[in-house]
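One structure below.
The values are calculated or read from the model by the stated rules, or taken from the named source; none is laboratory data. This structure is a prediction, so every number in the text was calculated from the model and none was measured. Every residue, glycine among them, receives a Cβ derived from its backbone with ideal geometry; neighbour counts consider all protein chains shown.
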2 protein chains.
Amino acid sequence: MSDRQLKFWGWGLEGEGPDAEATKKIAAALGRRFGIDDVPVASPPTLAELSLPAPRVARPDALEKVVVDDPHERARHSYGRSYRDLVRAFRRDFSRPPDWVAFPESEADVVSVLDWCGSKDIAVIPFGGGSSVVGGVESAIEGHAGVVSLDLTRLDQVLEIDRSSRAARIQAGMYGPALEGALRPHGLTLRHFPQSFEFSTLGGWLATRAGGHFATRYTHIDDFCESMRVVTPHGVSESRRLPGSGAGPSHDRLFLGSEGTLGVITEAWMRLQDRPTQRANASVVFPGFEPAVEATRALSQSGLEPSNCRLLDPAEAASSAGGDGKTALLVLAFESADHALDAWMQRAVEICREHGAEVPDEAIRTRTDAGASREGAAGAWRNSFVSAPYARDALVAASFISETFETAITWDRFADFHQSVTSAVQAAIDRICGQGALSCRFTHVYPDGPAPYYTIIAPSRPGAEIEQWDEIKCVAMDAVIDNGGTITHHHAVGRDHRPGYDRQRSDVFADALRGVKSRLDPAGILNPGVLVDPDGR
Amino acid sequence: MSDRQLKFWGWGLEGEGPDAEATKKIAAALGRRFGIDDVPVASPPTLAELSLPAPRVARPDALEKVVVDDPHERARHSYGRSYRDLVRAFRRDFSRPPDWVAFPESEADVVSVLDWCGSKDIAVIPFGGGSSVVGGVESAIEGHAGVVSLDLTRLDQVLEIDRSSRAARIQAGMYGPALEGALRPHGLTLRHFPQSFEFSTLGGWLATRAGGHFATRYTHIDDFCESMRVVTPHGVSESRRLPGSGAGPSHDRLFLGSEGTLGVITEAWMRLQDRPTQRANASVVFPGFEPAVEATRALSQSGLEPSNCRLLDPAEAASSAGGDGKTALLVLAFESADHALDAWMQRAVEICREHGAEVPDEAIRTRTDAGASREGAAGAWRNSFVSAPYARDALVAASFISETFETAITWDRFADFHQSVTSAVQAAIDRICGQGALSCRFTHVYPDGPAPYYTIIAPSRPGAEIEQWDEIKCVAMDAVIDNGGTITHHHAVGRDHRPGYDRQRSDVFADALRGVKSRLDPAGILNPGVLVDPDGR
């Protein structure tokens, strides 16, 4: 993806993100914001500081080219990018790396690795970009002879493009930018921009039911998936390319969200879109959160389907968009590759005005261009959006807890839900950290409810970051589940959300999943600890 | 649903549909169309003509009120409404009715019936409206001590309405009209109008992944389902009401399309819509099928999302809309409860014109009304659409084969697919029946492909209807599968499509389903023969 190496301890590429100087400035700013003198700043680990244990299992000769024990790769594949992961990296805690990292270059290689691991009771952790924030790619697995991280990023080609149906057959290991780069010359785009876009892969998106940054319709990766190829220890499964089907339960929906526990996605036919050429944007200020929520509900039910309908609560509007702490901000946008959007935006603004927003006509911008879709205001916002995770590493260095959790809830329950969740979580933050900020935005809205996304920033006690984070996380998880939400809207379950997920899903469904697992992964080697435990484990 | 009894042998209610006189007229018209003198007209069976075998298993006393052996009900629950089913009914062949018909009035009753059947190895056929055209509710099951048809239609209430999220908790046994009737006072609609609307149920729609009559978006019932309650022999499963979620593979998508093989759906929270008040319609004539297909593709990819975008090929346009046999007809419509549709229709018509259609401005009709959505031109069309199945009974009486099969295929392959399927099926019709008509329409269109729907009408040899139909059906099934389509877009798999389905799904996925089946229905009593055979059967 670049000549530069991926960091083994934090977000993205070596040399990118805040350097020591910038990190100090961020730490100082946090200190001023929270009234703390002398915020300590830890420095990130170097490879030389780590002592990795030797692999516990031998590598078969036949897999010499595919399976490596390079220390950088073993360290990098030890963790995902959750807060817990970053803190452990800063603590130089790499005591349980994968024994080996496999880089298959073909589906046959994937089959060989699974065969090897199946025969030796080695756990396999499918790994795309490794950007999981929920413990989805943890290598410290108990109960197996060894652990192999199965990195799919050498399966990185667009294999076929069907311009007429607007679809492409894409290998699972492609990172976002390379994927979009390959589609651009054809005037096509997958138009899936999760915050991890630069450092996550198609296969990871599919396995975790990732959400893109668009607010309505065409946002979860689920809906873009036309068919999939999945290698399981029991054989290879392929679904037909179909625009729609009613033939039995959906093949693909069983593997979407399976988080590497049922098989390894090697490629998929993905539904694409024409690159947008028409845009309309408006930033709409509401006098408070409540009328803004009602306006957003009306927009979500209008059938207008804005591409962006991101609502920032007063706290979030203040911290990230210069709000006054009382007003809420709605970022509204439409995009099209086909038609001018005046009628759409006009009606959307009318709805906002009906709900108490003052929208001066000059706040509405419409544009027509044939240029690249990453340019312009929306593109700039998107660029800052996808580079945000770099900044988090600085918060970790400064011993600030930085955590986000997202959920979804129907409109009728949102007000009570929000009240219960924010009061429980704020109380936990205050109790555990003394102080801290909690804010909310809607990242996605559906006709039947929003997907609220909460952000926590709180000073933690150096050395106790993980314990404090764990405690807050636990309160947030219980609050979300107790109040009827989903444990995750688009970050997946992994190991971190297992307690919440176990309460959310029905026991019957868990047994159904175990039934599938017993057929496709009878030895239980695939991503142990995630989603469900197989029989007898 | 009415004071009148449901027919046990054909579509709908006693006293509705063509009477003897009307049937004779239809037969004569078919005779004229196909050049056949003296078309015979069979009369439908009466209950007195049947001799039903006695139930083979005893009914437990505790279920006396729920489980009945009324002859009319046993006869009515013997078959669905496929061509094969209707012919067998006309032949007075009711030799394998269900031993009993259960009418649970509560979820507890459903549990009791499953417990009884599980303990006595009695097969259970979940039954909604019984409108299956794919052998989904066949009672002639081998290998079990008895067969019970489990009729859900007494679970017929809307239990809760959430106006704010536009959702309702609805029992699975509600027929379409009652369901819409209960929502209408709240200004809401499920807006799901399959052709079987009057005589099919919510539970049936969910179990079979039914398609409504709208052409784009919001058409498959899958997308309307917010959560479900399912009684399985292994326990009751309930998913959370969520507008969206990324927590593991979707609960609901496992049961959607499970066709009664994994559990019995008892209720669901369904996503609703506001009743449309704005409409725009146009009937667009194209000089031929090819440019019409291209226009339809462009419309499907425009992001305009017409509510109707039904393309009739020249044969279909001629037989059902007065076309000249050369021109194709596109029925185009937009509906909204929120905004005027001029911009939408204007751009859609522009796209049609770009593809060679002449659309005079007066062919475009827009309307605003606060009235009931079933009124008006679209409503009239819908009423004729949902009453069409009555006419089929007359074709059966006249020994004409009347069959439809539907599929979906990506745009890039459509032309070849259509050519291969129509030439294979037409050749089969000519060989087997001497002559017959084959036509095509698109019932649904997706950005990546259409859902073509084929209609066959052909004179059959009296007494050999089923054999001739079987032979044609077999050719159609092979042609669809050989050329990359799905064995069903919205009619489900049932027993009739099993051979095609077995070729379509991957073996790995079949084993996954068997894994689920082994946990949720370990005795294998639920709808045997449909979708997959459990282990050891």
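When the stretch A:314-328 is filtered for residues that are buried (at least 24 other Cβ atoms within 10 Å of the Cβ) and modelled with pLDDT of 95 or more, only A:A328 remains.
Taking the stretch A:22-40 only, how many residues are at pLDDT below 95 and more than 20 Å from A:S319 (Cβ to Cβ)? Qualifying residue count, the stretch A:22-40: 3.
Any residue that is within 30 Å of B:C433 (Cα to Cα) and out of contact with any Phe, Trp or Tyr (no Cβ under 7 Å at 6 or more places or on another chain) - is there at least one of those in the stretch B:56-65?
No, because not a single residue in the stretch B:56-65 is within 30 Å of B:C433 (Cα to Cα) and out of contact with any Phe, Trp or Tyr (no Cβ under 7 Å at 6 or more places or on another chain).
The residues of the stretch B:323-348 that are in a loop (DSSP other than H, G, I, E, B) and touching a Gly at 6+ places or on another chain (Cβ under 6 Å) amount to a single one, B:D338. Of the candidates B:F509, B:F442, the single residue that is within 23 Å of A:R271 (Cα to Cα) and without any contact (Cβ under 8 Å) to a residue 60 or more places away in the chain is B:F509.
Scanning the stretch B:20-39 for residues that are surrounded by 11 or more Cβ atoms within 10 Å (Cβ to Cβ) and outside any helix (DSSP H, G or I) yields B:I36, B:V39. Please determine whether any residue of the stretch B:95-109 is assigned to a strand (DSSP E or B), among the charged types (D, E, K, R) and either in contact with a His (Cβ under 7 Å, 6 or more places away or on another chain) or more than 26 Å from B:S402 (Cβ to Cβ) (or both). Looking for residues that are assigned to a strand (DSSP E or B), among the charged types (D, E, K, R) and either in contact with a His (Cβ under 7 Å, 6 or more places away or on another chain) or more than 26 Å from B:S402 (Cβ to Cβ) (or both), one finds none in the stretch B:95-109, hence no.
Sub-8 Å Cβ pairs linking a first residue in the stretch A:57-75 that is on the phi < 0 side of the Ramachandran plot and of a type in the set (S, T, N, Q) to a second residue that is at pLDDT below 95 and assigned to a loop (DSSP other than H, G, I, E, B), at least 6 apart or interchain, number zero. Within the stretch A:142-167, residues that are away from every other protein chain (no Cβ under 14 Å) and closer than 15 Å to A:C225 by Cα have Cβ atoms under 6 Å from residues that are surrounded by 24 or more Cβ atoms within 10 Å (Cβ to Cβ) and of a type in the set (A, V, I, L, M) in these pairs: A:V158/A:I170, counting only partners at least 6 apart in sequence or on another chain. Just checking, does the stretch A:209-220 include any residue being at the interface with chain B (Cβ under 8 Å from one of its Cβ atoms) and of a type in the set (V, I, T)? Checked against the condition, which is being at the interface with chain B (Cβ under 8 Å from one of its Cβ atoms) and of a type in the set (V, I, T), the stretch A:209-220 yields no hits at all. I'd like the residue in the stretch A:221-235 that is in contact (Cβ under 8 Å) with a residue 40 or more places away in the chain and more than 7 Å from chain B (Cβ to nearest Cβ) and, out of all such residues, is farthest from A:L155 (Cα to Cα). Ranking the candidates gives A:D223 first.
Table: residues versus (1) in a loop (DSSP other than H, G, I, E, B); (2) outside the structural domain of B:I265 (by TED's automatic domain parsing); (3) of a type in the set (D, E).
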site: B:V137; (1), (2), (3): yes, yes, no
site: B:A140; (1), (2), (3): yes, yes, no
site: B:A168; (1), (2), (3): no, no, no
site: B:G173; (1), (2), (3): yes, no, no
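Annotation: B:L304 fulfils all but one of (1) buried (at least 24 other Cβ atoms within 10 Å of the Cβ); (2) farther than 21 Å from B:G136 by Cβ; the unmet one is (1). The residues of the stretch B:398-413 that are farther than 24 Å from B:I432 by Cβ and either in contact with a helix residue (DSSP H, G or I) (Cβ under 7 Å, 6 or more places away or on another chain) or small (G, A, S) (or both), listed by number, are B:A408, B:I409, B:W411. The criterion of being of a type outside the set (G, A, S), under 23 Å from B:S439 (Cβ atoms) and within 14 Å of another protein chain (Cβ to nearest Cβ) holds for B:R297. For the stretch B:54-90, residues that are closer than 22 Å to B:G136 by Cβ and assigned to a helix (DSSP H, G or I) total 13. Applying the criterion of being in contact (Cβ under 8 Å) with a residue 24 or more places away in the chain and more than 26 Å from the chain's Cα centre (by Cα) to the residues of the stretch A:244-278, the residue that is farthest from the other protein chains (Cβ to nearest Cβ) is A:T277. Under 30 Å from B:A168 (Cα atoms), charged (D, E, K, R), assigned to a helix (DSSP H, G or I) and without any contact (Cβ under 8 Å) to a residue 60 or more places away in the chain: does that describe A:D430? For A:D430, the condition - under 30 Å from B:A168 (Cα atoms), charged (D, E, K, R), assigned to a helix (DSSP H, G or I) and without any contact (Cβ under 8 Å) to a residue 60 or more places away in the chain - is not met. In the stretch A:343-361, the residue that is surrounded by the fewest Cβ atoms within 10 Å (Cβ to Cβ) out of those that are modelled with pLDDT under 95 and among the charged types (D, E, K, R) is A:D361.
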